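Notes follow once the structure below has been shown.
The values are calculated or read from the model by the stated rules, or taken from the named source; none is laboratory data. This one's a predicted model, so the numbers in the text were calculated from it and none came from an experiment. In this analysis, Cβ positions are derived from the backbone assuming ideal geometry, glycine residues included, and neighbour counts consider all displayed protein chains.
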Amino acid sequence: MDEYSLILSAQNGEKEAFQSLITFYYPYVSKFLLKMCNNTVLSEDLTQDTFLKLVQGIDKFDIYGKASFSTWVITIAKNCYLDHLRRNKQEMISIEEQNMASQFNLQDVVLNHLQADEILKALESLPPEQATAIRLKYIEQQTLEEIAQRFSCKPKTVKSRIHNGMVKLRKMLKGDFYHG
């Protein structure tokens, strides 16, 4: 059965159609939410919320509209994530306010800044493949797969470059401020 027929069947209340749609879209939604929130437990909860809202609101999907069903599903997932952030905003603010006074220390801020500058200078002395891989991973927050695509190599190669570069950085910085 094609997607169009599944959607129509689901809109008519057929449980098998819902199950087929959920089975097909579950990995897609789950990975999307995991990438959004970077938390496995939260992404699983949000994925469940997404499909609950999909089941409850399937009648609202316009099968003849401009948006595809996958776009509609991902929009529900994104809105579930945004709702979660809004619900937890007050809690996050109060935790930040409590910790602000105890964590804020100008000397620590300056020391951290100096350490970051020292690391960036040391990074320049690494071979370009290692330095770039480390920058992409830790500064630009890219995944090993994304970096591997950029280098046209395998993720294992990127992982090795990062590891070897980090070993060299530790040796260069040992004695300055690194205690590991």
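For the stretch 58-78, residues that are over 15 Å from Y4 (Cβ atoms) and either among the aliphatic types (A, V, I, L, M) or touching a residue at least 12 places away in the same chain (Cβ under 8 Å) (or both) total 5. In a residue-by-residue description of the stretch 11-27, the property of being under 15 Å from K78 (Cβ atoms) and either touching a Phe, Trp or Tyr at 6+ places or on another chain (Cβ under 6 Å) or charged (D, E, K, R) (or both) applies to no position. Checked against (1) within 22 Å of K171 (Cβ to Cβ); (2) modelled with pLDDT under 70, L120 meets all criteria but (2).
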